[in-house]
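Notes follow the structure.
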Amino acid sequence: MVPPEQRPGVDIASARLGRHVTIGAGSVLPGCEIGEGASVEAMSRVTQSLAPWGTHDGVPALLIKKSRRSTFRQWRPN
C-alpha cells in the first residue's frame, strides 16, 4: 500500500470535529472544522467549516436541515 504522502494529487490535512458529530462513509473533510452536533451525509465533500447542529449533504456539502440542541437527547446507560 502506498502511503498518502507519496500519492500524486492527495492533500493531507486534519479535520477538527466537535462533540456529537456524525460523519457518513466516504466523506472528504480536508482541514475543515465540523461544529458540535453537525451531521455530514455519506459521500459528501466538505470544503469549508460547518455550523453546529445542522445536516449537510452534497458536493460541496451544503446545509440541508437545521437542528436544535434542545432536541438532542444524550444516551445514558441504565
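No lab work stands behind these numbers, since they all come straight from the coordinates. In this text, all values refer to a predicted model and were calculated from it rather than measured experimentally. We place every Cβ from the backbone using ideal geometry, glycine too, and count neighbours over all the protein chains shown.
Counting Lys and Arg as +1 and Asp and Glu as -1 over every other residue whose Cβ lies under 15 Å from the Cβ of Pro52, the net charge comes to +4.
What is the calculated FRET efficiency for Val28 to Glu5, with r their C-beta to C-beta distance and R₀ = 22 Å, to the nearest 0.05? E between Val28 and Glu5, to the nearest 0.05, is 0.80.
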